[in-house]
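Nothing in this text is a laboratory measurement; each read-out follows from the coordinates by a stated rule. It should be emphasised that the depicted structure is a prediction, and the values quoted were computed from it without experimental measurement. When we count neighbours, we look across all protein chains shown, and the Cβ atoms used for this are built from the backbone with ideal geometry, even at glycine.
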Amino acid sequence: LAYQPHFSAVALTQLFQGHVAASNILLFMPKEKALAEMLIHLIKQKLTSSAATIYLVGDKRSGIQSFAKNSSEDFQKQQSLSHHYLYTAQIKAAQATAQDGIQASETRNKETLSKKTQIKDTLSSKEVTGFFQSYEHDGLRLFNLPSVFSFQKPDEGSLLLIPHFKDFPAERVLDFGCGSGLLTCSYLKQHPKAQLDALDANAFALLSTEKSAQANRQTLNQTLLSNGLQLVNTQYDLIFSNPPFHQGQEQTYDIAKQFIADAHRHLKPGGKLLIVANRFLPYEPTILSTFGNCKELSNNSRYKIIASYKKS
């Protein structure tokens, strides 16, 4: 089994389907130490053998040395080369039976407020309970796991978008890139009867959004694990997003253009698109060429809110 930080969370979820049948596990040190801790915890929960060896690899800047030193696992340095390090540790499987896993899955299905989820039985919020962090915003309590966008506090782009929700009531709604559920829960607070789908490529984000909705006594229509809109068959009245690809890198703008085209296909006639964009990224020409209309609703020094609608 191998996990690299650049693997999509969809691939990560597939790794954790059922159980992990591996005696040697290669883990590339992620940027977040809490994520490394959570991954090791999950691996121990999923191991089919009684023990396994973890090979932890990373460069000096990743924080691998301090992580290995402070980890609850007994990591031993085996090799170093040009500021890259290899540590190993023997881990023991958590004392859980297959029946425990079935019961945990059944409990989760009863507790979640989602009517449908495409995480299915691959991951359970119970398996990562100790790794949730939470914060409050505008009377809402938001939960998130390591690696989830908007970790421990609301981000500036979302705060610029939320006040516009009052002007966009809709029946069928999609939050693209839901993260901790800040936008999802903020929209449902203003429009509690909306049938809202929350989508993210990160399975941990979906668990976070589900827990956030549950904490605020809100109902999600469904959660969707997808790296884009490929798995989505629904036509929506509104798609909103603080997209995860507006970090100013050239390659991310191509992803943004694909998202705009896909969003147009998944909107009903008259359906609306509402997104956060970096001020310096030229979204408007792409939106105009796709939708035939584009309007900037607000902006600040870093972000702008753009709205468009699909013509009949």
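Quick notes on this one:
- Note on D167/Y55: beta-carbon distance plugged into 1/(1 + (r/R0)^6) with R0 of 51 Å gives a FRET efficiency of 0.45.
- In segment 126-207, Cα pairs under 8 Å separated by at least six residues give a relative contact order of 29 percent.
- Extension gain, R279 to Q65, is 73.2 nm, computed as 0.36 nm per intervening residue step minus the present C-alpha separation.
- Cα gyration tensor shape of segment 145-279, rounded if a/c is under 1.5, else prolate or oblate by comparing a/b with b/c: rounded
- Maximal additional length on extending the K268-A21 stretch stands at 84.4 nm, based on 0.36 nm per residue less the C-alpha distance.
- Put a dot 7 Å past the Cα of S298, heading toward its Cβ, do the same for S134, and the two dots end up 2.7 nm apart.
- Global form of segment 159-234, assessed from the alpha-carbon gyration tensor, a/c cut-off 1.5: prolate
- This ranking places K69, K126, K257 by how few other beta-carbon atoms lie within 10 Å of each, fewest first, which gives K69, K126, K257.
- ³J(HN,Hα), Karplus 6.51/-1.76/1.60, whole Hz, each residue of segment 78-85, x for Gly, Pro: 10, 7, 9, 7, 6, 6, 10, 10
- Ranked K153, K268, K166, K310, criterion: other C-beta atoms within 10 Å, fewest first: K166, K153, K268, K310
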